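All remarks here apply to the structure that follows.
Only the coordinates and a few stated rules stand behind these numbers; no lab work does. These numbers come from a predicted model, not from an experiment. Cβ coordinates were reconstructed from backbone atoms using ideal geometry, including for glycine residues, and neighbour counts include every protein chain displayed.
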Amino acid sequence: MSSAAAMNDAASASGGVKRKWESGVGTPLPHVVQGKAYLDWNATSPIFPEVAEAVAPFFATEFGNPSSDHCFGAPSRAAVATARAQVAELMGCEVGEVVFCGCGSEADTMALRSGVALGRKSLAAGSKPHVISSAIEHVAVSVCLDAMQAAGELEVTYVGVDGEGRVDPAAVAAVVKATTVLVSVMHSNNEVGTIQDIRAIAHAARAARRALGGPGAEELLVHTDAAQSVGKVPMKPKEIDADLATIVGHKFGAPKGIAALYVRKGVALPSLLLGGGQESGRRAGTEAVPMIVALGTAAGVVCRELPAIAAHMRACCDELHAALVAGLGADRLRINGPALSEGDDRRLPNTLSVGIRGAAAGAVLAELSAANVAASASAACHASDAAHCQVSFVLRAMKVPDDFALGTLRLSVGRHTTSQEIKHAASAIVASVLHTKGKKA
């Protein structure tokens with residue numbers, strides 16, 4: 001009996017859903033049928049078949065509360081412990097450093113609000129905490145920081161980026177103050193795929209804070225939103241000297257509604273949600289066992305397959321880029337972020353942010369949707385009003401020229417992307433660009 005068949009039989013015996021197709025790197029999903037292409041993995045990933053299979057019993061027979069000591073609670077409690085160990089293995093940390101949350105925004109908010117609350121304790125009375133972040137953060141970070149600043153809870157400084165979307169560690173160090181308690185810089189950007197050197201940023205910021213001396217000089221915290229990185233590149237918080245790190249399940253094969261915050265051992269982060277003592281007192285609320293099992297299972301898949309997943313995604317992006325160059329010409333295309341030839345320490349292997357000179361992203365996306373191609377744009381606009389597009393703040397911060405920025409598409413692939421999808425998408429993009437150009441002419 002094959003291992004896949006054995007897993008299917010085991011799932012049936014436990015009340016799970018028997019998988020009807022094989023799963024693995026590069027295998028097609030039956031719901032992405034011929035004539036369709038899903039190139040929006042950075043928005044959300046399909047749920048991995050292994051994850052759907054593992055979760056099924058916890059929506060049916062295994063319903064117990066993990067806090068209950070009786071026989072119905074024990075399986076749920078064991079499942080949560082297993083999932084925590086799976087996530088810890090993926091992140092290279094201890095199980096006690098994993099805090100399950102409801103979503104990435106909650107994890108980011110916990111890191112920011114609780115991190116600032118902790119940092120405030122180390123400052124002189126009356127001092128306002130200072131936070132440093134980047135100009136290209138996800139709104140889950142920037143909107144939270146802006147709201148806290150507007151409420152008078154902190155002062156925030158946003159540092160700029162270069163033309164590839166990278167933060168200069170020296171620029172972070174230059175704005176450190178004696179009241180700086182937290183630095184929050186995303187591990188990789190969701191639009192252009194640029195990966196930051198968090199370790200260098202952390203070292204520069206901490207050195208600058210120590211040089212200033214005073215209360216809290218040794219207690220600066222570093223947070224990174226790694227939502228887009230996990231499942232695509234290695235991301236181990238201890239290796240990059242992060243104290244806090246956000247991971248999000250639906251970006252790598254788990255459902256929406258589950259995330260985790262890495263909290264370094266020794267960081268006494270106060271709880272954002274008060275109530276029961278779940279998550280070792282750091283996040284109140286009865287655990288969402290099915291979602292936690294899903295996150296753990298997805299983490300296990302990634303632990304086993306990450307090198308193969310990354311190589312597959314890189315090959316898909318290379319194939320897609322080559323097809324666009326062949327159809328539109330290299331002089332009409334601009335890769336936003338580091339070049340495709342850069343290694344996975346500088347760019348995500350699955351993300352192709354391509355500016356198409358003279359195109360209107362909104363009009364192109366409308367035609368792609370009609371051709372059953374899922375993608376997204378880095379400019380907020382509508383097909384009916386393409387002349388009034390607004391370039392994303394990320395491309396603005398990178399100073400991408402408008403003639404490319406207004407026509408930028410974010411094309412992102414994943415574990416189950418197929419060459420057939422790439423060919424269909426590339427053909428549809430080329431046809432759409434040439435069609436919309438013809439209409440404008």
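Worth pointing out:
- Highest-MSF residue in the chain out of ASP69, ASP241, ASP168 [GNM, Cα springs under 10 Å]: ASP69
- Dipole in debye (nearest 20) - region 84-232, about Cα centre, beta carbon charges: Lys, Arg +1; Asp, Glu -1: 480
- Counting DSSP beta bridges with both ends in the chain, the antiparallel % (nearest 5): 55
- Counting lysine pairs in region 211-310 whose alpha carbons fall under 17 angstrom apart, excluding pairs fewer than 8 residues apart on the same chain, gives 4.
- Each stretch of four or more DSSP H residues adds -39500 (n - 2.57); spread over every residue of the chain, this sum gives -11500 deg cm²/dmol at 222 nm.
- Across region 267-279, coupling constants 3J(HN,Hα) worked out from phi with the 6.51/-1.76/1.60 Karplus curve, θ = phi - 60°, read 8, 7, 5, x, 6, 7, 9, 9, x, x, x, 4, 6 Hz, and Gly and Pro carry x.
- In terms of its C-alpha gyration tensor, region 306-378 has a prolate overall shape, because the principal axis ratio a/c (a ≥ b ≥ c, square roots of the eigenvalues) is not below 1.5 and a/b outweighs b/c.
- Mean Kyte hydropathy of 0.5 or more with a Cα span along the axis of at least 24 Å, helices from DSSP in the chain: 289-328
- Choice from ILE195, ILE136, ILE335 showing the highest fluctuation, given a GNM over the chain with Cα pairs closer than 10 Å: ILE335
- Taking the average, over residues, of other Cβ atoms within 10 Å as the packing measure, peptides 99-110, 23-34 rank 99-110, 23-34 from highest down.
- Relative contact order %, the chain, counting alpha carbon pairs below 8 Å whose residues are six or more apart: 21
- Under 13 Å from the Cα of LYS423 - aspartates and glutamates, other chains or at least 8 residues apart: ASP318, GLU319
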